[in-house]
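K.L.:
Mind looking over this structure? Questions follow.
Every number in this text was worked out from the coordinates using simple rules, so none of it is lab data. Since we're looking at a predicted model, the values are computed, not measured. FYI the Cβ positions are ideal-geometry reconstructions off the backbone, even for glycines, and counts take in every protein chain you see.
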Amino acid sequence: MKKILVTGGAGFIGREVVKQLVQKGYKVRVADDLSKREAKVPEGCDFIKTDLTESKSAERALENIDLCVHLAAKIGGIGYFHKYPATILSENNKLYSTVFEAAVKNKTERILYLSSSMVFESTNSFPSSESDIAKIPPPVSAYGFSKLIGEEYCKAFYDEFGLNYTICRPFNAYGINEAPGREVGYAHVIPDLIKKILSGQYPLELLGDGQQTRCFTHVSDLARGIIMALESPKAVNEDFNLGEEKEIKMIDLAELIFNLCKIDKPFKVKYVPSFTYDIKRRVPSSQKASKVLGWKPNMKFEEELPKIIEWVKTNSNLE
């Protein structure tokens with residue numbers, strides 16, 4: 001079995017990737033700085049607590065590694081990437097340089113880079129397909145731009161050093177183990193909404209006009225798609241969107257969560273100004289992943305939301 005490094009493997013998506021890799025019998029090493037408060041070392045792996053922005057640390061993490069799943073990044077919700085644009089650009093670029101250079105030095109076979117649906121930030125083409133990337137303007141937010149830079153690292157290190165890559169773009173991951181943020185928008189929308197509702201905010205404050213749409217993909221489906229791409233020879237030097245194709249408006253999402261929380265009041269919202277870069281619509285085409293990898297999402301959104309609400313109740317400080 002190949003030996004796999006998962007950078008950021010103690011994070012939300014990373015933990016699920018590691019869990020599924022371990023279940024399949026892979027030898028897994030995790031490198032993470034544990035900077036997220038909900039970070040947790042997965043079971044069954046070789047763990048290194050380290051700062052991968054340092055070259056020597058990245059080189060040690062990649063020693064004797066066959067495949068690298070690069071998830072480590074400065075990431076958060078809409079509020080987070082508006083408050084820390086310079087930090088996101090600087091830290092993510094450092095991670096790209098150290099990890100990709102260490103992979104070349106250690107003769108790693110391939111890097112699977114976890115990009116983001118935010119690379120489609122400027123698109124007007126729906127559903128968005130992989131081929132659209134070359135046609136649309138670059139993202140205008142620092143976070144979206146930083147994820148697109150990572151895709152360019154993949155191509156540049158292949159062109160110069162022959163380092164094989166695979167790019168996966170998750171669309172709006174959701175599931176348990178993602179804590180709400182300390183401030184609105186620091187985490188993603190589902191844990192944020194749950195926290196506000198359970199904390200008694202009434203009327204519920206929604207950013208913008210509530211007509212924004214997203215397509216939510218369960219973290220276990222995403223992890224399965226990442227591993228399918230990692231295992232497939234057809235995925236070498238290719239890119240894949242991984243996302244549920246069914247849209248939901250934020251006003252409808254808010255009402256769904258409100259009702260699931262069983263609040264003894266009628267659903268009522270108050271619209272508040274949104275952030276500058278609040279994408280109105282985000283819809284993937286996942287047909288390439290379906291045709292090449294045989295991947296499709298399996299988890300049912302309405303069945304999984306109650307589990308997330310219970311997890312937030314049990315594991316989060318709602319004050």
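K.L.:
For PHE126 paired with LYS24, estimate the spin-label separation in nm (one decimal), with each label point 7 Å from Cα along the Cα-to-Cβ line.
P.N.:
With each label placed 7 Å out from Cα toward Cβ, I get 3.3 nm.
K.L.:
Taking a ≥ b ≥ c as the square roots of the Cα gyration tensor eigenvalues, with a/c under 1.5 meaning rounded and otherwise prolate when a/b beats b/c, else oblate, which class fits the stretch 56-150?
P.N.:
oblate
K.L.:
Identify all lysines with a Cα-Cα distance to LYS27 below 23 Å; exclude those on the same chain that are fewer than 8 residues away in sequence.
P.N.:
LYS2, LYS3, LYS19, LYS40, LYS49, LYS56, LYS105, LYS107, LYS234
K.L.:
Using only the Cα atoms of the stretch 21-71, build the gyration tensor, take square roots of its eigenvalues as a ≥ b ≥ c, and label the shape rounded, prolate or oblate: rounded if a/c is under 1.5, else prolate if a/b is larger than b/c, else oblate.
P.N.:
oblate
K.L.:
Also: Assign one of three labels to the stretch 159-304, namely rounded, prolate or oblate, based on the Cα gyration tensor with a ≥ b ≥ c the square roots of its eigenvalues; rounded applies when a/c is under 1.5, prolate when it is not and a/b is larger than b/c, and oblate otherwise.
P.N.:
Prolate, since a/c reaches 1.5 and a/b exceeds b/c.
K.L.:
So what is the relative contact order of the stretch 181-319, in percent, for Cα pairs below 8 Å that sit 6 or more residues apart?
P.N.:
39 percent
K.L.:
State, as an integer percentage, the relative contact order of the stretch 30-172 based on alpha-carbon contacts under 8 Å between residues 6 or more apart.
P.N.:
24 percent
K.L.:
Separate question: Using only Cα atoms, locate the centre of the stretch 73-98 and the centre of the stretch 286-318, then give the distance between them in Å, rounded to an integer.
P.N.:
The stretch 73-98 and the stretch 286-318 have Cα centres spaced 25 Å from each other.
K.L.:
For a quick check, take a GNM of the chain with Cα springs below 10 Å and name the residue from PHE267, PHE47, PHE171 with the largest mean-square fluctuation.
P.N.:
In the Gaussian network model the winner is PHE267.
K.L.:
To the nearest Å, what is the center-to-center distance of the stretch 1-61 and the stretch 187-247, using C-alpha atoms only?
P.N.:
Between the Cα centre of the stretch 1-61 and that of the stretch 187-247, the gap is 21 Å.
K.L.:
Ok, one more. With each pseudo-label sitting 7 Å past Cα toward Cβ, what's the ASN315-GLN211 distance in nm, one decimal?
P.N.:
Result for the modelled spin labels: 3.6 nm.
K.L.:
Taking the Cβ of each residue in SER90, SER220 as the centre, tally the other Cβ atoms inside 10 Å and list the residues starting with the fewest.
P.N.:
Listing SER90, SER220 from fewest to most nearby Cβ atoms yields SER90, SER220.
K.L.:
Taking the beta-carbon count within 10 Å as an exposure proxy, list MET1, MET250 from fewest neighbours to most.
P.N.:
MET1, MET250
K.L.:
In percent, what relative contact order does the chain have, based on Cα pairs under 8 Å that are 6 or more apart in sequence?
P.N.:
Dividing the mean separation by the residue count of the chain yields 18 percent.
K.L.:
Here is a further query. For the pair VAL269 and LYS3, how long in nm is the line joining their label points, each one 7 Å along Cα→Cβ?
P.N.:
Here the answer is 5.1 nm between the modelled labels.
K.L.:
Turning to a different aspect of this structure: Amide H neighbours of VAL6 under 5 Å, at least 5 residues apart or on other chains, H built in the peptide plane: list them.
P.N.:
Sorted by chain and number, the residues that satisfy this are ARG29, VAL30, ALA31, VAL69.
K.L.:
Compute a Gaussian network model of the chain, connecting alpha carbons closer than 10 Å, and tell me which residue from ALA86, ALA179, ALA289 fluctuates the most.
P.N.:
Comparing ALA86, ALA179, ALA289 in a Gaussian network model of the chain, the most mobile one is ALA86.
K.L.:
Also, I was wondering about something else. Running a GNM on the chain with Cα contacts under 10 Å, which residue among ASP51, ASP132, ASP264 ends up with the highest mean-square fluctuation?
P.N.:
ASP264
K.L.:
Can you give the % of DSSP beta bridges in the chain that are antiparallel, to the nearest 5?
P.N.:
In the chain, DSSP labels about 5 percent of beta bridges as antiparallel.
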